[in-house]
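Here's the structure we're looking at; comments come further down.
The values are calculated or read from the model by the stated rules, or taken from the named source; none is laboratory data. Model, not experiment: these values are computed from the prediction. Cβ: placed from backbone, ideal geometry, glycine included. Neighbour counts: every protein chain shown.
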Amino acid sequence: MRCTLLSQPPTCLDWSESFLIDLEVENSGFAPWRGIGDHPVRLGYQWIDQAGTRHAGRHRSAIPQSVHPGESIRLALRIDPPPAPGMWRLQIELFREYIDYFSTYGIQPLFLNIEYVLEPAPRDVILSLASAAHDAVGSNILAQVQALRQTGYRVLILAEYADERLPTDTLLATVTTRRNLLLLIDYFVRYKAERPGPLTLALSGTGSIPLPSRDDIVGLGMLPRDALTDAYASAVALCQLSLNESFSLVLMESWLQSRPVIVHADCPVTRGHVERSGGGYAIGSYEEFRAAVDALLADETAGAARGERGKAYVLERYTWSRLLPRIEESIARFSRPRPLYARLAQRSIARALSFTRQRYDDDILNLVARAVAAAQARKQEG
């Protein structure tokens with residue numbers, strides 16, 4: 001196994017801070033990695049303290065398809081902080097579900113040295129809301145803000161809109177700002193400067209970013225469900241360049257209307273959807289954005305084919321008829337007793353480890369030490 005970091009991990013973690021690590025893993029062995037079955041291969045992690053004690057992480061990443069020798073796969077893994085402050089060693093590696101980590105068999109994992117610190121108050125907490133105040137729900141939001149401030153937190157509110165009842169020193173950001181709208185506008189303006197024509201950028205939703213005064217950039221505001229569905233269906237493509245997505249419902253909605261999408265390559269979630277479905281383009285630069293738009297405008301059939309692949313992806317994975325059996329199966333799998341095969345396999349591995357060269361040498365040294373100590377004791381008694 002060879003791991004290549006595709007994102008720069010932190011060297012220091014603050015209070016309760018998780019992070020996402022993006023890496024490429026190559027199968028440098030002789031057997032394929034299976035992502036399905038009784039013992040699928042997963043990517044996981046462990047924290048190792050200075051005393052050598054290991055703490056297994058609770059997150060893992062599934063391998064979406066089999067990876068054969070010589071092949072590589074790009075995976076994202078969420079890392080939660082270790083259980084206590086101090087210097088830690090982060091061990092990232094593959095493991096076989098219910099069996100053991102690959103390092104058990106001598107395969108070198110990836111190690112990172114990270115310091116975990118607890119910062120004194122004041123600490124920050126983010127409230128993620130569709131709206132702040134404006135209605136009866138607002139009183140609950142104000143109560144949360146007041147309670148958090150009294151316990152030493154600095155409150156940051158992420159909302160589409162807010163009103164004057166909120167404390168004046170509360171920092172506000174808009175959802176639109178976080179979704180890389182400015183980058184999309186910049187790419188679009190540069191594209192139209194190079195490729196004049198009737199192409200229009202239509203923006204739905206609300207936000208505080210002032211839009212350029214141009215005929216080819218149109219703010220639609222909040223659209224009713226029927227109008228939004230029509231907008232998806234009539235678009236050349238949906239552009240979603242956000243870097244912070246946990247699922248991205250708008251991608252699924254666009255694909256259900258058989259339209260392709262353009263996402264940012266630095267967002268593991270949306271890039272993963274596009275790579276698995278073949279329903280669009282993952283771009284990391286203006287040049288890649290330009291190439292994607294050129295391809296969509298040059299061949300409507302190819303764009304429609306990508307949209308159809310996206311639709312098939314949604315219907316195959318994310319309808320209730322598909323999701324509920326998977327949820328039920330996961331609950332049943334993790335709650336049932338471990339099968340006899342898995343228990344015997346772990347016992348066999350533990351038994352085999354007792355015959356490693358290192359343990360053999362340690363046992364010999366302990367035996368010699370005991371023999372010397374016994375001889376010295378008899379000499380003293382004589």
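If you take the residues of the range 351-375 that are surrounded by 11 or more Cβ atoms within 10 Å (Cβ to Cβ) and part of a helix (DSSP H, G or I), which of them is modelled with the lowest pLDDT?
In the first step, residues of the range 351-375 are kept if they are surrounded by 11 or more Cβ atoms within 10 Å (Cβ to Cβ); the result is 352-353, 356, 359-360, 362-363.
Next, only the ones that are part of a helix (DSSP H, G or I) stay: 352-353, 359-360, 362-363.
Details: ALA352: 72, LEU353: 65, ARG359: 69, TYR360: 72, ASP362: 73, ASP363: 76.
Looking at the filtered set, the residue picked out is LEU353.
Is there a residue in the range 317-336 that is closer than 30 Å to ALA237 by Cα and touching a residue at least 60 places away in the same chain (Cβ under 8 Å)?
yes
For the range 270-283, how many residues meet the condition of being assigned to a helix (DSSP H, G or I) and touching a strand residue (DSSP E or B) at 6+ places or on another chain (Cβ under 8 Å)? Reasoning before the result, please.
Initially, the range 270-283 is screened for residues assigned to a helix (DSSP H, G or I), giving 270-277.
Then drop every residue that is not touching a strand residue (DSSP E or B) at 6+ places or on another chain (Cβ under 8 Å), which leaves 270-275.
Residues that pass the stated criteria total 6.
Check GLU308, GLU316 and return the single one that is assigned to a helix (DSSP H, G or I) and either more than 29 Å from PRO40 (Cα to Cα) or not assigned by TED's automatic domain parsing to the domain that holds GLY197 (or both). Spell out the reasoning first.
Details: GLU316 fails: either more than 29 Å from PRO40 (Cα to Cα) or not assigned by TED's automatic domain parsing to the domain that holds GLY197 (or both).
Only one candidate passes the filter, namely GLU308.
Output the number of residues of the range 286-319 satisfying the condition of being within 15 Å of SER258 (Cβ to Cβ) and touching a Phe, Trp or Tyr at 6+ places or on another chain (Cβ under 7 Å). Before the answer, list the steps.
So in the range 286-319, the residues within 15 Å of SER258 (Cβ to Cβ) come out as 296, 300-316.
Applying the additional criterion that residues be touching a Phe, Trp or Tyr at 6+ places or on another chain (Cβ under 7 Å) yields 307, 310-311, 313-314.
Total meeting the criteria: 5.
Hand me the list of strands (runs of 3 or more DSSP E) wholly inside the range 198-245 holding 2 or more residues that are free of Cβ contacts under 8 Å to residues at least 60 places away in the same chain and surrounded by 15 or more Cβ atoms within 10 Å (Cβ to Cβ). First the steps, then the outcome.
On the way: elements: 201-204, 217-221, 238-240.
Qualifying strands (runs of 3 or more DSSP E): 201-204, 238-240.
When you go through (1) touching a strand residue (DSSP E or B) at 6+ places or on another chain (Cβ under 7 Å); (2) at negative phi one by one for TYR286, which number turns out not to apply?
Every condition holds for TYR286 apart from (1).
Report the residue count in the range 246-304 for those that are among the hydroxyl-bearing types (Ser, Thr, Tyr), under 26 Å from ARG195 (Cα atoms) and surrounded by 20 or more Cβ atoms within 10 Å (Cβ to Cβ).
To start, the set of residues in the range 246-304 that are among the hydroxyl-bearing types (Ser, Thr, Tyr) comprises 246, 248, 254, 258, 270, 277, 281, 285-286, 301.
Filter again for under 26 Å from ARG195 (Cα atoms), leaving 254, 258, 281, 285-286, 301.
Still in the running and surrounded by 20 or more Cβ atoms within 10 Å (Cβ to Cβ): 254, 281.
Qualifying residue count, the range 246-304: 2.
Taking the conditions exactly as written (over 18 Å from ALA282 (Cβ atoms), within 26 Å of the chain's Cα centre (by Cα) and not small (Gly, Ala, Ser)), does LEU223 satisfy them or not?
no
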